[in-house]
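The values are calculated or read from the model by the stated rules, or taken from the named source; none is laboratory data. A quick note: this is a predicted structure, and the numbers were derived from the prediction, not measured. Cβ placement follows ideal geometry from the backbone for every residue including glycine, while neighbour counts extend to all protein chains displayed. The area values use the complete protein model at the heavy-atom level, side chains included, leaving out ligands, DNA and RNA. Shrake-Rupley method; radii C 1.70, N 1.55, O 1.52, S 1.80 Å.
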Amino acid sequence: MSARARAGAVGIAVRSATTSPLLTLFAFTVVAVTAFIGAATPGFVQRTQTESLRFALERTAPAQRDFVASVRGTPEPGAGRDPGLPAESVAVWGGSVQGLLDASRGFDPALAEVLGRPRIVSDLDPAEAYSLVKNDGTPRSQLTLRYDPEYSTRVRFVEGRAPQPVQEGPLEFGLSTPVAQAMGWEIGAVRTIPRPGGIVQSVVLTGVWEPVDASDRDWDHAPTALAPGLIEHGLELPVHTGVGYAAPADLGTAAAMPQSVVTTLWYPLEVPAVDARHAGELAAAMRLFSAVPLDLPIVSSAIYSRGLAFTSTAPLTITQGLTRIESMTALVALIATGPLAVAIVVLALATRMIALRRRPSLRLAEARGASTRLRAGVLAAEGLAIGATAGAAGGVAGMLLGGGDGPVVALVPALAALTPVIALPATGLLVAKRRARADAPATSPAARRLRLLAELALVAVAATATVLVVSGARSVEGVDPLVVTLPLLLAAVGCVLTLRLVPFLLALVERGSPRRRGLLGLIGPARAHREPALRVAPVLAVVVGVAIAVFSSAFAATVGDGIVSAARGEVGADVRISARYLNADQLESLARLSGVAAVAPVYADEQSRAELPSADLTVMVYVIDVAELRRVQEGDPSAIALPDALLETGGAVPVVASQQLADRVGDETLVIEGRPVDIVGTAVSQTPLGSARTWVAVDRSRADELLSTTFSPSTVLLDLEPGADPVAVAEQARLASGTGAVAATPASVEREHREDPALSGLQLILLGAIVAVAALLALAVGMTLVLGAASRDRMLALLSALGLPRRREPAIVVWEVAPAVIVALPVGVLAGLALPFVVVPALDLTGFVGGELQPAVHLGAWTPLVVPGFLAVTILAVLVAAFVARRVTAARTLRSIDEEG
Amino acid sequence: MTVDTAEAGPDILCAGLVRIFTAQGVEVQALQGLELRVERGEMVALVGASGSGKSTLLTILAGLDTPTAGSARVAGHDLVAMRAPERLEYQRSSVGFVWQQSGRNLLPYLSAAENVGMAHAVAGVVPRARRRAVTDELLELLTVGDVADRRPDQLSGGQRQRVAIAVGLANDPRVLLADEPTGELDEATSADVLAAMETVNRERGVTTLIVTHDPAVAEHVDRTVRIRDGRTSTETLRTTHVDEAGRSVRVAVEYAVLDKAGRMQFPAEFTQALGLRERVRLSLEPDRVEVRPGDAVVPPPEAGRGRHRAASDDGERS
């Protein structure tokens, strides 16, 4: 006898498990794909979040995001052990740089990782440099002399020579070519700079240089070194500003007048090193670093050194980014539950198919005396073999491709791998269980009571969760599991509703006069009503799938709409111009630009001292013209509400205050610059008038009571005529507003927000979820029909024996799923429509849309398309399954009746 | 365990066996007090029309279902009182089955020898070392040794059923239960398979119960029990004897079965011929019991000779 005859128990189990390789392969594929997507998604999300965080940090100027400290005085000269400086600077600067390097070794590792090599420079205060010959036509120039120990590595002298330390004679320095040209400064020309205390310093330009790398972000710390700046004072001649580099070893010259020197030290923030996964710890470490001043020896005129406090906007940016990250994590988790639930249903269907194939073997084994434990064990082993290998393969591939880490990566693969381990023995033993007789009912009264209780419990849990989420009674750090599971709970309630409703409706249809409808009209509803075998799977798939798709679509629309309205609120008009200074002529010409209907300048903005009985504050005062601003913002939903009380004369100065300030003030009386003010209205703290969050707006007529300078416009809001092109007008307005002016339109701000990788990543995930649930829905419907094929084929064989034409057969198939799907579809839509209203208020979406107002729920144009889309997918799945079902021949089916019964 | 090691009693003993199925409030009595006794080593056919309760009885005897009332003992096991572990033990070593469909007997992806091996592996009764020898021996006994390495779809119907018998006997059971073993076979092959069962019964002393509605089966067994409406109705005993001319003659005598409560069933042709309906008159004669239609107006002349009793058809059934 051959070796095959000697197969032992294990061999036989393996043989049994490999008899339906297609089904096994299918289950394997479902597990592997689910595990893959589940493992890859966290990595994708983490990467998107990191990109979003870096994007936000990149958008802030390096001088703001780097950790910068400045102090009046010069560093104490001395050489360090190994400061890594150019030779000419070591002797003077080595000690300070060494000190900074040493300090960074004590930083929190999270912080040390993202900070670059520390930098230090000393600047002699900017001052005008006068030509030795009066009125010789040289442009007015304001020079800032900088001592930078590392400047020689950043510049290359193209003309003349590098400055050298001098004992006597004029101080030597170098300028960049454009700055030297703008200042009209020839190489070798000497000019004089008056310094405090009657000192007159003479300086000589020894050479002009070009930057080694103009794109080096380090230049952001010397804004006018590469290109000159310009200061305009009304009718006076404009002043050209620029930074010149003196020999760093010549610091002694500056040290002689410490009251005129500012030393700036900074640790550059290496944005590419920032990672969203550790952003929370990083922001905390940054705050701690800013709060504890460093001690470095500085020669200062101050008697008492407070140490160096390094500050940066980065912690704030990261914290804001974190709210975005948390919302995104919650949202992705929330959306992922949908496809995951449907995937598990599909997987359960696949294992049921396998279990049906195992049924004869299981029954045989049972009859021959195989214990339940043995049969369950063999099935569980088979499930484990499928689940573990597929889960591991998909999970590892997804992890490698997604690049995520943490336990969250393993969560979905583990779930997917475990499903067949549990489902295969459970369904296997269930389908192999002999029903005493074919006509015995599948459910007993006790089972029906249990089902009702379970359904009531589910509804109660869902209701409680909804109330808790909607009322906002809970405050949960991070991702709220209740919010995440709510969609699934609501969808489950939808399923219960559908499953209760379908038999009821079918009974109604069945009771309607059958004679009119012919054979199919009689058999269709009767079968659908009395053979409810596998209705749960397609109903769950349809309800969850449609709910998640509708929600995703509505959510995308809500965020998109939120961005548009936040951008509108941020700009405050059709166009907003921000410039350094706008004179009356420029305002006039702006108003006359073609396409501009009205202008509303912010006539003045000044940081002012404000007092409350309980505390002192700093408040920004914006001067506006109530009539102008009202006209410009007319019809804008985000317009600043300007009550008439602003125009009242006499008494306390009427102002509109930002919400943030109004909250701070409460019932107390606010006094600004010694004058009591009356808060007659409040507005959103983030305002198009300026960047302050605690501010008051006062009408021009009362402005002089709070400010000394009531005309220094730098911001203008423009209202355009209908049909005017905002882009073209904005460009013209920008040109008309002098150098350095910036024009913003709602569209341009919106574009900036949309560039955030978090947003595009989120949209990709929303789209992916819709596609995934659609595909899974098709699979679930198709598999349900395939599972029902045996009983249907028997009946079709009978019917064809009675003379039913084959072309009518698909109608029977359609009757199997159509009633459930038709009822489930609107239920899914309802659940999907309810979700955004329940979930959006529970998530902080301001991080996505900008602004500080939670966006209102919008369904958007695409949402109505989701329903026909899903209907089309379902119909397609039914048609394919119906077509596949036709291949069975009647003879074979009739012969197999007994075996399967 | 309630294994009867004395081996004194019959191998199959059913008394007053009742099995009621409840379907949506409607009760179906599949077995209504069935009596059956099969002695050790006997080969008995159980025949009956479709729906008479044959398969229900066999499912109970196989330990796959439990009766609603009554008692059933097989190979010393009390099937009513039996708990799960004993049931496994019973299925593993005391009974073997052959069903009508090969799909329920044999796994399609295993060869004949492997199917026998599977029965060994599941039960674990036969020591590992002996399994191969037992397999070979059984397949040879059933004359399918030459196709041991073929899978069921490569075997003829008769071969399949013989392999199924081999699988049923794999663990050397005391009782072999067969449910329509020839249901899917033509006449010649049926005879072949039944002959194989006879061989097994004779050579191994396996008590064999064949459930069938095929009258041809009756020719191969000495005793045929007929069940009707869930009750044993008649028994036919066949004996072979040599007549005066030296020819071997097989004689069949059919008996009605009287249960412990004194109930019996009349064949339909008897009741129709005499118009026996509802009430009948019984009278005890010295050597027999007479049954006459109950609606006779005039008392029969012989009335005084025996004791008279009127029996109601309904009363008897309830």
Original post:
So is A:GLU634 in a loop (DSSP other than H, G, I, E, B) and either free of Cβ contacts under 8 Å to residues at least 40 places away in the same chain or assigned by TED's automatic domain parsing to the domain that holds A:ALA597 (or both) or not?
Top reply: yes
Original post:
Looking at region A:593-635, which of its residues are among the polar types (S, T, N, Q) and touching a strand residue (DSSP E or B) at 6+ places or on another chain (Cβ under 8 Å)?
Top reply: A:GLN607, A:SER608, A:THR618, A:GLN633
Subject >> Complete set of residues in region A:81-117 that are in a helix (DSSP H, G or I) and among the aromatic types (Phe, Trp, Tyr) >> reply: A:TRP93
Original post:
Going by the structure shown, is A:VAL239 β-branched (Val, Ile, Thr) and surrounded by 19 or more Cβ atoms within 10 Å (Cβ to Cβ)?
Top reply: no
Original post:
Looking at region A:202-219, which of the residues that are within 17 Å of A:THR138 (Cβ to Cβ) and in contact with a Pro (Cβ under 8 Å, 6 or more places away or on another chain) is least open to solvent (accessible area, probe 1.4 Å)?
Top reply: A:VAL203
Original post:
Which members of region B:95-130 meet the condition of being among the basic types (Lys, Arg) and either within 8 Å of chain A (Cβ to nearest Cβ) or buried (at least 21 other Cβ atoms within 10 Å of the Cβ) (or both)?
Top reply: B:ARG104
**OP:** Within region A:321-360, count every residue that is more than 41 Å from the chain's Cα centre (by Cα), of a type outside the set (A, V, I, L, M, F, W, C) and open to solvent by 20 Å² or more (accessible area, probe 1.4 Å).
**Re:** 3
**OP:** Being in the same structural domain as A:PRO297 (by TED's automatic domain parsing), touching a residue at least 12 places away in the same chain (Cβ under 8 Å), polar (S, T, N, Q) and open to solvent by less than 30 Å² (accessible area, probe 1.4 Å) narrows it down to one of A:SER70, A:SER122, A:SER52, so name that one.
**Re:** A:SER122
**OP:** Go through (1) more than 12 Å from chain A (Cβ to nearest Cβ); (2) open to solvent by 10 Å² or more (accessible area, probe 1.4 Å) one by one and return the number of the condition B:ILE165 breaks.
**Re:** (2)
Original post:
Hey, among the residues in region B:70-94 that are more than 9 Å from chain A (Cβ to nearest Cβ) and not in a loop (DSSP other than H, G, I, E, B), which one's most open to solvent (accessible area, probe 1.4 Å)?
Top reply: B:ARG73
**OP:** Select from region B:136-158 the residues that are at the interface with chain A (Cβ under 9 Å from one of its Cβ atoms) and closer than 20 Å to A:SER16 by Cα and write down the one among them that is surrounded by the fewest Cβ atoms within 10 Å (Cβ to Cβ).
**Re:** B:ASP149
**OP:** Only one of these is within 14 Å of another protein chain (Cβ to nearest Cβ), in a helix (DSSP H, G or I) and at pLDDT 85 or above: A:THR29, A:THR24, A:THR48, A:THR34. Name it.
**Re:** A:THR24
**OP:** State which residue is nearest to the other protein chains (Cβ to nearest Cβ) when the search covers only region A:360-378 and only residues that are without any contact (Cβ under 8 Å) to a residue 24 or more places away in the chain and among the basic types (Lys, Arg).
**Re:** A:ARG368
Original post:
In region A:596-616, how many are farther than 22 Å from A:SER712 by Cβ and touching a Leu at 6+ places or on another chain (Cβ under 9 Å)?
Top reply: 3
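Results for (1) surrounded by 12 or more Cβ atoms within 10 Å (Cβ to Cβ); (2) in a loop (DSSP other than H, G, I, E, B); (3) among the β-branched types (Val, Ile, Thr), shown as yes or no for each residue.
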residue	(1), (2), (3)
A:GLN586	yes, no, no
A:VAL623	yes, no, yes
A:ALA627	yes, no, no
A:THR649	no, yes, yes
A:VAL655	yes, no, yes
A:ASP678	yes, no, no
**OP:** Can you confirm whether region A:685-693 contains a residue that is at pLDDT 85 or above, outside the structural domain of A:GLY850 (by TED's automatic domain parsing), in contact with a strand residue (DSSP E or B) (Cβ under 7 Å, 6 or more places away or on another chain) and part of a loop (DSSP other than H, G, I, E, B)?
**Re:** yes
Original post:
How many residues, within region B:143-182, are among the aliphatic types (A, V, I, L, M), out of contact with any His (no Cβ under 6 Å at 6 or more places or on another chain) and either touching a residue at least 60 places away in the same chain (Cβ under 8 Å) or closer than 27 Å to B:ILE60 by Cα (or both)?
Top reply: 10
**OP:** Would you check which residues across region A:186-201 are open to solvent by 70 Å² or more (accessible area, probe 1.4 Å) and assigned to a loop (DSSP other than H, G, I, E, B) and list them?
**Re:** A:GLU186
**OP:** Out of the residues in region B:54-69 that are open to solvent by less than 10 Å² (accessible area, probe 1.4 Å) and in contact (Cβ under 8 Å) with a residue 40 or more places away in the chain, state the one that is nearest to B:ASP229 (Cα to Cα).
**Re:** B:LEU57
Original post:
When region A:382-415 is examined, which residues are found to be open to solvent by less than 40 Å² (accessible area, probe 1.4 Å) and under 11 Å from A:PRO42 (Cα atoms)?
Top reply: A:GLY398, A:GLY402, A:GLY404, A:VAL409, A:VAL412
**OP:** Taking A:ILE875 as the residue in question, decide whether it is open to solvent by 60 Å² or more (accessible area, probe 1.4 Å) and either at pLDDT 80 or above or touching a helix residue (DSSP H, G or I) at 6+ places or on another chain (Cβ under 7 Å) (or both).
**Re:** yes
Subject >> Meets criteria (within 26 Å of A:ALA790 (Cβ to Cβ), open to solvent by 50 Å² or more (accessible area, probe 1.4 Å) and either part of a helix (DSSP H, G or I) or modelled with pLDDT of 85 or more (or both)) for A:LEU501 >> reply: no
Original post:
Would you say A:ALA63 is within 21 Å of A:LEU101 (Cα to Cα), in contact with an Asp or Glu (Cβ under 9 Å, 6 or more places away or on another chain) and not in a loop (DSSP other than H, G, I, E, B)?
Top reply: yes
**OP:** Search region A:799-818 for residues that are assigned to a helix (DSSP H, G or I) and pair each with any residue that is open to solvent by 70 Å² or more (accessible area, probe 1.4 Å) when their beta-carbon atoms are under 7 Å apart and the residues are at least 6 apart or on different chains.
**Re:** A:SER800/A:ARG806; A:ARG806/A:ARG886; A:GLU809/A:ARG886
**OP:** Could you grab the pairs with beta carbons closer than 8 Å, sequence gap of 6+ or different chains, first residue in region A:435-459 and closer than 30 Å to A:THR485 by Cα and more than 13 Å from chain B (Cβ to nearest Cβ), second one at pLDDT 50 or above and not in a helix (DSSP H, G or I)?
**Re:** A:ARG451/A:THR443
Subject >> Cβ pairs under 7 Å, 6+ apart, first in region B:73-101 and of a type in the set (Asp, Glu), second surrounded by 22 or more Cβ atoms within 10 Å (Cβ to Cβ) >> reply: B:GLU86/B:HIS77
**OP:** Would you tally the residues in region B:269-307 being closer than 21 Å to B:GLY230 by Cα and either modelled with pLDDT under 80 or hydroxyl-bearing (Ser, Thr, Tyr) (or both)?
**Re:** 1
